[in-house]
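Step one of this worksheet: look at the structure below.
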Amino acid sequence: MATRLGRKPASSSPESEVLRRFRSFAMLTLSGGHPDPSLDGLRVPYPRVARLLGAWVEAAIETAGPSGPQVREALEPLRERFQLALRGTATARRASGAPRTNRRRAVAAAIDRVAEAFLAVDTDTGTIEDANPAAGALLGTPRDALIGSEAIGYVPKQERDAWWTELEAVAEGEDGRHFRTWLSDGLGGSIAVEASITRFSTRRRTLALFIARPTRAARG
């Protein structure tokens, strides 16, 4: 797991607490219980949790050897359930007393005229809070369908670790990051892009403002 993450979480860190609670949740569930994920007091950004749990599950599968497929089948639904619960808790924690309009735009409407694909991603939940028409065209998905969906769903699996790394860096205060990656176009292909991420923060949340420009033709 440490190899996949590039580091080992400290035993007293919030990340280790996430793992302890996930292991307890998984053990109780696989023993026939029906527990809810225990999330009280956890304050770890959703992208970091997703990457952490993904690395732990993959390490468990590798350690299981020939039984790896059965371990994957048992753990993946539990990982998804745990992450979904944590995402919902983080969203509720941010909510204020004033009701939000349906899919309220996160940035000025002028961004719609930008030729490059634009996504505003909540660094706590990993959801797309805003997108422009160019992003919809690039990803083969209507803009309204992009908003509220998981950003990681538009990243090929082999690129997701790098994506989480960039999102975590923004969540921790870094800015002005530039990198190359691939995006899934929604039609079974991938698109190579040059990308940049900048940070936009309010009192309620931090957004990663993601700009992408295709660099060459899609691969199947």
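We did not get these values from a lab; they are worked out from the coordinates using the rules stated. Predicted model only: the values in this text are computed from it and were never measured. Glycine gets a Cβ as well: all are built from the backbone with ideal geometry, and neighbour counts include every protein chain shown.
Label reach from residue 85 (point 7 Å along Cα→C-beta): in region 10-41, amide nitrogens under 11 Å belong to 21-29, 34-40. The label-point distance for residue 150 and residue 213, in a model that sets each label 7 Å from Cα toward Cβ, rounds to 3.1 nm. Ordering 29, 65, 50 by the projection of their Cα atoms onto the charge dipole of region 2-94, which places +1 on the Cβ of Lys and Arg and -1 on the Cβ of Asp and Glu, puts 50 at the extreme positive end. Once region 2-94 is represented by equal point scatterers at the alpha-carbon sites, with solvent omitted, what log10 I(q)/I(0) does the Debye formula produce at q = 0.13, 0.20, 0.25, 0.26 Å⁻¹? Evaluating at q = 0.13, 0.20, 0.25, 0.26 Å⁻¹ gives log10 I(q)/I(0) of -0.43, -1.02, -1.44, -1.50. Taking every C-alpha pair closer than 8 Å and separated by at least 6 residues, the mean separation divided by the residue count of region 109-214 gives a relative contact order of 28 percent. Rounded to the nearest 20, the size of the Cβ-charge dipole of region 2-94 about its Cα centre is 420 debye, with Lys and Arg at +1 and Asp and Glu at -1. Both radii are taken from the alpha-carbon atoms of the chain; with Rh as the Kirkwood radius, Rg/Rh is 0.98. Take the Cα of residue 203, step 7 Å toward its Cβ, do the same at residue 115, and the gap between the two points is 4.0 nm. The charge dipole of the chain, taken about its Cα centre with unit charges on the Cβ atoms of Lys, Arg (+1), Asp and Glu (-1) only, comes to about 360 debye.
The alpha carbon centroids of region 4-41 and region 118-195 are separated by 27 Å.
Remark: the residue 70-residue 162 segment gains 30.4 nm on full extension, using 0.36 nm per residue and subtracting the alpha carbon distance. Multiplying the residue separation of residue 39 and residue 175 by 0.36 nm and subtracting their alpha-carbon distance yields 46.0 nm. For region 191-197, 3J(HN,Hα) computed residue by residue from phi via the Karplus equation (6.51, -1.76, 1.60; θ = phi - 60°) reads 10, 6, 9, 9, 10, 9, 10 Hz, glycine and proline entered as x.
Using C-alpha pairs below 8 Å separated by at least 6 residues, the relative contact order for the chain is 15 percent. Largest first, the three principal axis extents of the alpha carbons in region 109-214 are 36, 32, 21 Å in whole numbers.
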